[in-house]
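Here the structure comes first, spelled out in C-alpha cells, and everything after it is commentary.
The values are calculated or read from the model by the stated rules, or taken from the named source; none is laboratory data. All values derive from a computational prediction rather than experimental measurement. Glycine also receives a Cβ, built like all others from the backbone with ideal geometry; neighbour counts cover every protein chain displayed.
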Amino acid sequence: MMHCILCLVVLAASITLPARAVADTNLIHDAVVKGGLIYDGNGGPPFSGEVAIDGDRITYVGPATGLRGRKEIDAAGKAVAPGFKNILAQGRESLLFDYRGLSDLSQGVTLGVIGE
C-alpha cells in the first residue's frame with residue numbers, strides 16, 4: 001500500500017460516509033483510525049480527525065474526540081480516504097492472471113467499473 005494513503009477497504013462497493021456523526025466516547029469500536037488527514041469524499045477541505053469502523057460500516061468520521069477501538073490505527077502523517085472509484089477501469093486482462101487486483105488496491109481503488 002502506498003505510504004501516503006491509508007485506504008479503508010470496508011467493502012469493494014460504493015461507500016456513503018456519515019455526515020460527521022456525534023461521537024459516542026463510551027463505545028468501543030471494532031477499529032479506530034486516529035490522527036490522519038481525512039478526505040471524506042464530500043468535496044470539502046481535508047481535516048484532522050478520527051474514523052470509527054464497526055463490522056462492515058464506517059460509523060464515525062469527524063474531529064478527534066478520544067474514540068477507543070479494539071484495533072487502533074495511528075495514521076499520523078498520512079491521508080485517510082474511504083476508497084476511490086475507477087469508473088473507466090482497464091484491468092480485465094490483469095484480473096485474469098491475478099484476481100486480487102493488487103495494482104488498483106495499492107493505489108486506493110476499491111471499486112472498478114469494467115465492461116462499460
Item checked: Residue count for the range 81-116, restricted to those that are surrounded by fewer than 11 Cβ atoms within 10 Å (Cβ to Cβ) and within 21 Å of K34 (Cα to Cα) -> 0
Margin query: Six or more apart or on different chains, Cβ atoms under 8 Å: show the pairs whose first residue is in the range 62-74 and on the phi > 0 side of the Ramachandran plot and whose second is outside any strand (DSSP E or B) and hydroxyl-bearing (S, T, Y).
Written below: G66/T25
Check: Among A64, A13, which is the only one that is in a loop (DSSP other than H, G, I, E, B), of a type outside the set (V, I, T) and modelled with pLDDT of 85 or more?
Finding: A64
Notebook entry, point to check: Could you list, in sequence order, the residues of the range 48-61 that are among the charged types (D, E, K, R) and either modelled with pLDDT of 95 or more or in contact with a strand residue (DSSP E or B) (Cβ under 7 Å, 6 or more places away or on another chain) (or both)?
Noted result: E50, D54
Notebook entry, point to check: Restricting attention to the range 67-116, and to residues there that are closer than 25 Å to N42 by Cβ and among the acidic types (D, E), which single residue is modelled with the lowest pLDDT?
Noted result: D104
Next item on the list: Being part of a loop (DSSP other than H, G, I, E, B) and of a type in the set (V, I, T) is the filter; apply it to the range 21-40 and report the residue that is modelled with the highest pLDDT.
Entry: T25
Notebook entry, point to check: Does the range 55-80 hold any residues that are closer than 10 Å to V33 by Cβ and among the hydrophobic types (A, V, I, L, M, F, W, C), and which are they?
Noted result: I58, V61, L67, I73, A75, V80
Checklist line | Residue list for the range 46-73, restricted to those being in contact with a Gly (Cβ under 6 Å, 6 or more places away or on another chain) and surrounded by fewer than 15 Cβ atoms within 10 Å (Cβ to Cβ) | finding: P63, A64
